[in-house]
Each structure stands twice: as C-alpha cells, then as structure tokens.
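Please see the structure below; I have some questions.
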Protein chains: 2
Amino acid sequence: MATLTLPQEVPSPTQDSETLRKAFEGWGTDENTVIQVLGHRNATQRKIIRDTYQELYNQSLIDSLRSELSGDFRRAVVLWAYDPAERDARLVKKALNSKKIGLDELKVIVEISCASSPHHLLAVRKCYCSLYECSLEEDIILDAPPSLRKILVGLVSSFRFDGAVVDLDVATDEASKLQEAIALKQLDQDIVVWILSTRNPFQLKATFESYHHNFGNHIYEDIKDYGNDMLASLVNIVIRCILSPEKHFAEVIKFATAGWGTDENSLTRVIVSRAEIDLMKVREAYLEMYKTSLDYVVKDDTSGDYRAFLMALLGQ
Amino acid sequence: MATLTLPQEVPSPTQDSETLRKAFEGWGTDENTVIQVLGHRNATQRKIIRDTYQELYNQSLIDSLRSELSGDFRRAVVLWAYDPAERDARLVKKALNSKKIGLDELKVIVEISCASSPHHLLAVRKCYCSLYECSLEEDIILDAPPSLRKILVGLVSSFRFDGAVVDLDVATDEASKLQEAIALKQLDQDIVVWILSTRNPFQLKATFESYHHNFGNHIYEDIKDYGNDMLASLVNIVIRCILSPEKHFAEVIKFATAGWGTDENSLTRVIVSRAEIDLMKVREAYLEMYKTSLDYVVKDDTSGDYRAFLMALLGQ
C-alpha cells in the first residue's frame with residue numbers, strides 16, 4: 001500500500017548518479033531532475049545510488065544534496081535520501097534535542113516503536129548507537145519528560161513477535177489489568193508498560209476489543225477522561241498507532257496543515273517515512289476521516305519544489 | 001581468547017559432512033570422529049557444514065546427532081552444533097520452562113544480556129521469536145519469579161553501546177543512586193534497572209569503581225548484606241557478569257563440579273558457549289581463584305565421550 005511509483009525501466013545506479021551530478025552542476029540546481037530521480041526510487045535503489053555516487057565522485061550524495069538544495073525541500077529530500085533506519089535515528093535524536101520536548105516531538109518515537117516492524121526498530125537502535133555513541137534508551141532517560149521515560153524506554157526496547165498469534169484469555173485478563181490501571185490513574189505501572197511494549201499488535205488489538213466489550217467504552221475514551229496528562233496522551237498515541245497507524249498518520253497530517261501556518265516537519269516526516277509503507281492507506285483514512293483529499297490538502301499547504309517532491313512521493 | 005582450535009587445513013564442508021555421515025553409519029557411531037570434526041570448527045564453519053549436510057542427505061545434522069548420540073555427550077554436541085543465537089534461545093526457553101525457576105536457571109539470561117555482545121543478544125531475541133512465536137520478554141513476564149521480572153525484562157531488552165565511552169560525572173551520580181537504592185533495599189527502582197540495562201560495560205565499571213571509592217565497600221559487598229533475597233542475588237550476578245565475565249564463568253564451573261555430583265548442564269553451558277569467546281580467560285581466572293587447573297577439574301568430573309568433547313573445546 002505504498003504510494004511511491006517506480007519507472008518501468010529503472011536507469012542504472014551509475015546513470016542515476018550521473019544525472020544527479022549533472023543536475024547539481026553550474027550555477028543553479030535542476031531541482032526537477034532531483035525529484036524525477038530520487039522521488040521515484042525505493043530504499044534499496046537509493047542505497048545503491050548513494051554508494052555509486054560516493055564511488056564515482058568521492059563525495060557523499062547527502063552532502064551534495066545539502067549544499068545544492070534549500071529550505072523544506074532540502075530537508076525532505078535529505079531525509080528521503082538516508083537509509084530509513086538512519087533517517088529515523090536522526091529524527092529521534094532531533095526530537096530528543098529539542099529545547100522543549102512535548103508530545104509533538106515524541107510522536108516519532110512512538111511511531112517507530114508501534115507503527116514500524118520490529119526489525120526496523122532494531123535497525124534504528126543499532127544506527128542510533130553508531131551515530132551517537134550511546135544507546136537510544138540512555139538519551140530517552142536523559143532527555144524525555146520524567147513521567148514518560150518508563151513507557152518510552154519500554155517501547156523502544158521492544159521486539160514484538162511479528163505474527164498474528166492471539167490468546168483471547170490473555171486479552172481478557174490484560175484488558176482488566178489496563179482497566180484497573182486507568183481507574184487508579186496509574187498508567188506508569190510495570191504491567192501497563194509490559195503489555196503495551198511486549199505484546200504483538202494482533203494480541204493488543206484483541207485486548208483493546210476485549211476492553212471495549214467488557215467495560216463499555218473504548219480504552220482511549222477512558223484514558224481521555226484523565227484530562228491534561230502527558231502520559232495519558234502518550235498512551236493514547238501508542239494505542240492509536242497500534243490499532244490503526246493510518247488513522248494516526250492522517251491525523252498528524254491534518255494537524256500539520258490545519259489553520260494558517262503549516263508544520264512542515266511533521267508533514268515531511270509522515271510523507272517521507274510512510275511513502276514506501278502504507279501512505280495509500282493513510283490517504284484513504286484521510287478521505288474517510290476528513291472528507292477531503294489528502295493530496296489536495298498537501299498541494300494546498302505547500303509550494304514550489306517542496307510541493308513537487310511531496311506530490312512525487314504521493315505517486316502523482 | 002578462545003580455546004577452540006582449528007586444524008591447519010580445514011576440510012571442505014562436503015568432506016566434513018561425508019565424514020560425519022560415515023561416522024553415523026552401521027551399528028555403532030564413531031563418536032571420536034564426531035569430536036574430531038565438530039570439536040574443531042568455528043560457528044561459521046559449523047553453519048556451512050549444517051547447510052551442506054542438509055543438502056547432501058536431505059536430513060538435518062542436528063537430528064542425526066540427536067539420534068546417533070546419547071547422554072551428556074549428545075546434549076553438549078547438539079548445543080555446540082546449533083547456531084550460537086539459536087543455542088542460547090533454546091537454553092533460555094529451557095530455563096523458563098523449568099518446574100522450579102531459581103537463580104541457577106536464570107543465570108543464562110543474565111549471561112546472554114550482560115556477558116555477550118549487544119548484537120548477539122538481539123540475534124537471540126530474533127531467534128526466540130521465530131522458534132516460539134512470542135517475544136522473550138513475554139515469556140519472562142509469564143514465567144520468571146515476580147520480583148525478578150522487571151530487571152530481567154530490562155536486561156534482555158537492552159542494546160548497549162558497544163564502545164569504551166565513559167562519563168565520570170555520570171559514574172559518580174549513578175553510583176550515588178545505586179547506593180541510595182541499596183540502602184533503601186529498593187533494587188527494583190526504575191533507575192536501578194535503567195542503569196544496569198542501558199549503560200555500556202565500560203561506563204558501568206566506572207560506576208562500580210566510583211561506588212567503591214565514594215562509599216568504602218564494593219557494590220556487591222553492600223548488596224550481599226541483604227541476606228536471602230533473590231533480586232539482590234540476581235543483581236550481584238549482573239554486576240559480576242559486567243565486571244568480570246571470566247570470574248563469573250569460573251565460579252559457575254566451580255559450583256558445577258563441587259562436591260560429589262556434577263551439574264553437567266551448567267558445565268556444558270559454560271564450555272560450549274564460551275569456547276569461541278573467552279574460555280582461555282576463564283581458565284586463567286579459575287587457576288587464580290581456585291589454585292587448580294580448570295582442565296584438570298573438568299577431566300576429573302567427567303568421563304567418556306563427553307569428557308573427550310569438552311577437552312576438545314578446551315583446546316586439548
């Protein structure tokens with residue numbers, strides 16, 4: 001359910017590198033060519049292009065992109081050019097380095113741990129260690145708001161089973177445990193962290209269904225009743241990312257494009273990180289939830305090369 | 001610092017497979033040949049032999065070994081024949097499936113998370129998921145003694161930075177936090193679990209040194225004062241495995257061979273799992289700690305093919 005489109009005949013990595021190099025040459029940069037090449041290559045192809053470019057010109061493609069492009073367009077293309085694990089490791093580091101770390105910044109951590117494959121999460125952790133010489137967990141403990149450290153460390157440390165194995169008795173039992181923790185307003189209990197961070201998504205969906213069936217409300221409705229509580233809000237993002245990542249990402253785009261300004265960082269993050277995964281489903285969810293086309297909103301809120309690049313990733 | 005020895009000219013995987021197949025043929029099994037071949041091949045070579053054997057005879061080498069060998073010898077050779085990550089995943093599962101799970105059973109989990117590389121630990125977790133269709137953490141939460149679940153989940157979920165980066169201020173600060181938790185007899189505090197499970201071994205050694213310097217005692221001495229407390233004992237094994245894995249393993253062999261009987265499971269685990277890593281250092285530590293040769297003790301406590309196999313792994 002990706003939106004990324006590849007040409008029927010993909011040029012060789014050498015041809016692509018030469019085309020990009022040519023686009024960088026001279027006074028101006030031929031941004032359109034950059035979009036035509038990189039905006040229509042998958043992660044494996046981009047990796048080979050990076051390697052080939054480095055070999056041919058003894059320079060990193062990322063560095064060339066950084067020096068040739070600018071603004072939101074540069075940021076989006078550079079993120080896209082990275083290996084997905086490195087991209088996410090850098091996004092997480094940036095979030096943790098923010099002056100004020102709120103839920104908006106921390107969403108990326110939840111997305112990587114609850115709406116990505118367990119193998120991708122491990123790759124991000126490995127990459128984080130290589131880039132920053134410490135574990136991702138250490139930086140979370142250092143930088144994240146105290147009330148969120150425990151759940152975030154649990155989430156990023158998880159390696160969930162990657163299959164549809166569900167035990168309904170466990171679902172019933174753990175729904176009760178969650179209900180108890182919510183009633184006591186103790187979402188930082190070990191058991192809550194364990195359930196949310198070790199169970200596979202299918203098991204968790206069964207648990208949330210069991211919660212709804214046995215206690216009347218959806219679990220996120222009960223947690224919302226908490227009011228202004230960062231941990232409760234984070235847990236709701238976790239639940240949303242597990243239950244329906246596409247709705248979560250549709251919502252992020254909605255918020256990023258609502259009102260006068262645009263939150264380009266969030267918009268870029270969603271389009272770049274999901275174009276090869278489930279952006280088609282995000283598009284459908286968006287239409288269903290907001291009765292508007294996602295493509296229209298993105299087009300309307302952006303301009304120039306940045307817009308052209310996002311539209312390319314959206315398959316247009 | 002491995003003890004494993006390889007022949008100067010290693011036969012091809014096909015030759016090795018044929019030699020093994022021949023050793024299995026007829027009425028008896030030629031155990032000596034099994035030892036001569038498998039007892040002198042490293043993990044990569046054994047993997048290729050497994051693959052080649054499977055291809056040549058349409059049968060798994062592990063199954064052949066299981067049906068041809070017996071007793072402690074079989075158990076040791078089969079464990080050795082597995083891929084190290086699969087071996088450890090199976091050892092952990094066996095520990096968690098024990099009728100009575102005590103510290104002896106759980107040592108293997110601490111060893112894998114505190115005395116192995118972070119990459120090996122991840123490989124074990126991946127393998128555990130593939131073999132048992134659930135995460136290792138889920139089984140720990142289900143089966144381990146309640147007081148140990150939190151620390152064990154933290155330990156197996158860790159992915160420590162794999163380098164000698166030390167911050168002495170952090171060491172001083174965290175030594176104080178550990179001292180406080182020990183004084184309060186609250187080793188299950190989040191901060192204790194975080195320190196022990198996210199910091200790299202070099203950082204942790206600095207923290208333990210700082211503890212000694214600032215509070216007079218070694219940290220494990222203060223924890224020992226707790227008395228009969230499973231969590232305290234487990235934390236001491238963690239500390240031992242981080243400070244000096246070779247002393248920990250020497251101690252395990254000492255206990256396994258002490259008194260009249262022999263704990264073959266523990267003896268096999270140490271020799272098989274460390275022969276390619278640091279068994280030479282374990283041997284030196286053993287001599288220093290107990291003024292006896294480890295090789296002598298192993299020889300004295302075992303017999304027959306089992307003894308011959310362990311001695312082969314010890315490089316004799």
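The values are calculated or read from the model by the stated rules, or taken from the named source; none is laboratory data. Predicted model only: the values in this text are computed from it and were never measured. Ideal geometry is used to build each Cβ from the backbone, glycine not excepted, and the neighbour counts take in all protein chains shown. For the accessible areas, the whole protein counts, side chains as well, though only heavy atoms, and no ligand, DNA or RNA atoms are used. Shrake-Rupley method; radii C 1.70, N 1.55, O 1.52, S 1.80 Å.
Taking the Cβ of B:A250 as the center, what net charge do the other residues with Cβ under 15 Å away carry, scoring Lys and Arg +1 and Asp and Glu -1? Kindly include the intermediate steps, with their values, before the conclusion.
Numbers: positive: B:K107, B:R240, B:K247, B:K254, B:R269, B:R274, B:K281, B:R283, B:K291; negative: B:E111, B:E246, B:E251, B:D263, B:D278, B:E284, B:E288, B:D295, B:D301.
Computed value for this residue: 0.
From the label point of A:D169, set 7 Å along Cα to the beta carbon, how far off in nm is each other copy's matching point, shortest first?
5.3
May I ask for the Kirkwood hydrodynamic radius of segment A:245-313, worked out over all distinct Cα pairs and given in angstroms to one decimal? Walk me through the numbers before you get to the answer.
Values: mean 1/r = 0.0855 Å⁻¹.
Value: 11.7 Å, from the Cα pair sum.
Convex hull volume of the Cα atoms in segment A:119-249, per residue, in Å³?
Working: hull volume 14.4 nm³, N = 131.
Once divided by residue count, the hull of segment A:119-249 is 110 Å³.
Here's another thing I want to ask about it. Leaving out ligands and nucleic acids, and using a 1.4 Å probe, what accessible area per residue does segment B:156-214 come to in Å²? Mind showing how you got there, number by number?
Working: 2620 Å² over 59 residues.
Per-residue accessible area for segment B:156-214 comes out at 44 Å².
Shifting gears a bit: Which distances, in nm and shortest first, link the B:W260 label point to the same label point in every other copy, taking 7 Å along Cα→Cβ?
Reported distances to equivalent positions: 8.9 nm.
With Cβ to Cβ distances under 10 Å as the rule, what net charge do the other residues near B:S117 carry (K, R +1; D, E -1)?
Spelling it out: positives minus negatives among the neighbours equals 0.
So, one more: Report, in degrees rounded to the nearest 10, the 0 to 90 angle that the Cα long axis of helix A:245-257 makes with the longest principal axis of chain A.
Rounded to the nearest ten degrees, it is 60.
Test of understanding: given chain A, find the longest segment containing no trypsin sites (Lys or Arg not before Pro) that are in a DSSP loop and have at most 11 other Cβ atoms within 10 Å.
A:101-290
I've got another one for you. Show me you know the interface measure: the accessible area buried between B and A, both chains summed, probe 1.4 Å, in Å² to the nearest 100. Display every interim value, and only then the final one.
Details: alone 15130 and 15130 Å², together 27920 Å².
Chain pair B/A: roughly 2300 Å² of buried accessible area.
Hey, got the Cα dimensions of segment A:84-156 along the principal axes, in Å, largest first?
The principal-axis extents, from largest down, are 27, 24, 18 Å.
How many Cβ atoms of partner chains, on average, are near each residue of A:186-195 if near means within 10 Å of its Cβ?
Numbers: counts 0, 0, 1, 0, 7, 2, 0, 3, 7, 2.
Per residue, the average neighbour count from other chains is 2.
Shifting gears a bit: Suppose we look only past 20 Å in the calculated P(r) of segment A:143-210. What percent of the Cα-Cα pairs does that tail hold? Could the numbers behind the result be given before it?
Details: 674 of 2278 pairs.
The calculated P(r) of segment A:143-210 puts 30 percent of pairs beyond 20 Å.
Here is a follow-up. So how far apart, in nm, are the two label points at A:K22 and B:D30 if each is 7 Å from Cα heading toward Cβ?
6.6
Here's something else I'd like to know. Round to the nearest 10 and give me the degree value, 0 to 90, for the angle of helix A:279-290's Cα axis relative to the longest principal axis of chain A.
60
Kirkwood Rh over alpha-carbon pairs of segment B:39-80, then Stokes-Einstein at 20 °C and 1.002 mPa s: what D in µm² s⁻¹, rounded to an integer?
Values: Rh = 10.7 Å.
Rounded, D is 201 µm²/s.
Follow-up question, since we're still on this one. Put the label 7 Å from Cα along Cα→Cβ for B:M230; what are its distances to the other copies, in nanometres, shortest first?
Inter-copy label distances (nm, one decimal, shortest first): 3.5.
Loop only by DSSP, 15 or fewer other Cβ within 10 Å of the Cβ. Give me the chymotrypsin sites (Phe, Trp or Tyr not before Pro) in segment B:234-284 that pass, ordered by residue number.
On the way: sites: B:F249, B:F255, B:W260; in loops: B:W260.
Hits after loop and neighbour filter: B:W260.
Taking segment B:66-157, which GluC sites (Glu not before Pro) meet the DSSP loop condition and have no more than 10 other C-beta atoms within 10 Å?
Counting only loop positions with at most 10 other Cβ atoms within 10 Å, none of the GluC sites (Glu not before Pro) in segment B:66-157 qualifies.
Taking only the C-alpha atoms, wrap a convex hull around the protein assembly as shown and report its volume per residue in Å³ as a whole number. Don't skip to the answer; put the middle values down first.
Numbers: hull volume 125.6 nm³, N = 632.
Residue-normalised Cα hull volume stands at 199 Å³.
Turning to a different aspect of this structure: Can you work out which chain B residue has the shortest Cβ-to-axis distance for the rotation that carries B onto A, and give it in Å?
Measuring from each Cβ to the axis, the minimum is at B:S157, 2.
Which translational diffusion coefficient, to the nearest whole µm²/s, is obtained for chain B from the Stokes-Einstein equation, given a Kirkwood hydrodynamic radius over C-alpha pairs, 37 °C and 0.692 mPa s?
On the way: Rh = 20.8 Å.
Taking Rh from Cα pairs, D becomes 158 µm²/s.
What Cys residues in the protein assembly as shown have no fellow cysteine's beta-carbon under 4.7 angstrom?
Here A:C127, A:C129, A:C134, B:C127, B:C129, B:C134 come out as lacking a disulfide-compatible partner, given the Cβ-Cβ threshold of under 4.7 Å.
If R0 is 35 Å, what FRET efficiency do you get for A:D300 and A:K94 from their C-beta distance, rounded to 0.05? Can you show the working numbers first?
Working: r = 27 Å, r/R0 = 0.76.
It comes to 0.85.
When you have a sec, figure out the Kirkwood radius of segment A:168-243 from all distinct Cα pair distances and drop it here in Å to one decimal?
Evaluated on segment A:168-243, it is 12.1 Å.
Please give me the summed charge of the neighbours of A:L196: other residues whose Cβ is under 13 Å from its Cβ, Lys and Arg +1, Asp and Glu -1.
Numbers: positive: A:K150, A:R160, A:K177, A:R199, A:K205, A:R240; negative: A:E174, A:D188, A:D190, B:E137, B:E138.
Once positives and negatives cancel, what remains is +1.
Separate question: For segment A:183-287, report the % of Cα-Cα distances exceeding 17 Å. Walk me through the numbers before you get to the answer.
Working: 3316 of 5460 pairs.
Roughly 61 percent, once rounded to a whole number.
Continuing with the same structure: Give me the orientation-averaged projected area of the Cα convex hull of segment A:13-69, in nm², one decimal.
On the way: hull surface 13.6 nm².
Reported value for the Cα convex hull: 3.4 nm².
As an exercise, take the mean of 1/r over every pair of distinct alpha carbons in segment A:1-115, invert it, and state the Kirkwood radius in angstroms. Show your work: numbers first, answer last.
Details: mean 1/r = 0.0649 Å⁻¹.
Result for segment A:1-115, one decimal place: 15.4 Å.
Sticking with this one: For a label point 7 angstrom out from the Cα of A:R307 toward its Cβ, which stretches of segment A:272-296 have the backbone nitrogen within less than 17 Å?
A:293-296
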